[in-house]
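Each value in this text was obtained by applying a stated rule to the coordinates, not by laboratory testing. Here the structure is a predicted model, which means the values were calculated and not measured. Here the Cβ positions follow ideal geometry from the backbone for every residue, glycine too, while neighbour counts run over all protein chains shown.
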Amino acid sequence: MTAKLALPEPVLEAIAAEDLDALRTALEGSPLAQALGIAYESLEPGRARARLPAGDLLPNFLGFAHTGALFALAEQVMAAAANTLGFVGLPLNCEIHFVKGADPSQDTVASAHVVDTQGRIARVVVEVKQGDAEILRVTEMVFLRTPQA
């Protein structure tokens, strides 16, 4: 039997109230975001943009930025965008394409926006770049929208 995960009440309240300042604080305060140094440059209804700074923890064994860290950035910014519209967005699925190897000595920026909401489903797309070069493409991430999780 799977136990139901209790979501933090302040986060639920921030989402329900569409309090973007409180939501940004929660997003940037998550342990993974803090470990990777992910910082939000903008957060508005249906949109989010965040930066993953270059760092010594990012290279994989081949010397490229670790794809797990890149996906973590993409997922964080997509979840941020999905949770700015008054509903808790729980990820259902995602398809990701790594377009080119990323340089761990460069900052990486991800921008996401909600492209569609139909009932309980939200579709979010993201663009992940280093400078002008696209390094990761997500066709879309689908979220289940629920007033409470």
* **Most mobile listed residue (19, 132, 103) in the chain, GNM with C-alpha springs under 10 Å** => 132
* To do: List every residue whose amide H lies under 5 Å from the amide H of residue 46, counting only residues 5 or more places away in sequence or on a different chain, with H placed 1.01 Å from N in the peptide plane.
  => 84, 85
* Asked: What residues have an amide H closer than 5 Å to that of residue 138, excluding those fewer than 5 places away on the same chain, when H is modeled at 1.01 Å from N in the peptide plane?
  -> 97, 126
* Structure fact -> Taking R0 as 25 Å and r as the Cβ-Cβ distance between residue 30 and residue 95, the FRET efficiency 1/(1 + (r/R0)^6), rounded to the nearest 0.05, comes to 0.60
* Asked: Between the range 31-75 and the range 116-145, how many Å separate their Cα centres?
  -> 15
* **Set of the range 70-94 residues, backbone N closer than 17 Å to the point 7 Å along the Cα-Cβ line of residue 17** => 84-88
* Asked: Any idea what diffusion coefficient the range 1-70 gets from Stokes-Einstein, in µm²/s, Kirkwood Rh on alpha carbon pairs, 20 °C, 1.002 mPa s?
  -> 152
* **Size of electric dipole in the range 9-146: Cβ of Lys, Arg +1 and of Asp, Glu -1, about Cα centre, debye, nearest 20** => 300
* Asked: Where is the GNM fluctuation largest for the chain (alpha-carbon springs, 10 angstrom cutoff): 91, 31, 104?
  -> 31
* Asked: Which chymotrypsin sites (Phe, Trp or Tyr not before Pro) in the range 10-80 pass both tests, a DSSP loop state and at most 12 other beta-carbon atoms within 10 Å?
  -> 61
* Structure fact -> Everything considered on the Cα gyration tensor (a ≥ b ≥ c; rounded for a/c under 1.5, else prolate if a/b is larger than b/c, else oblate), the chain must be described as prolate
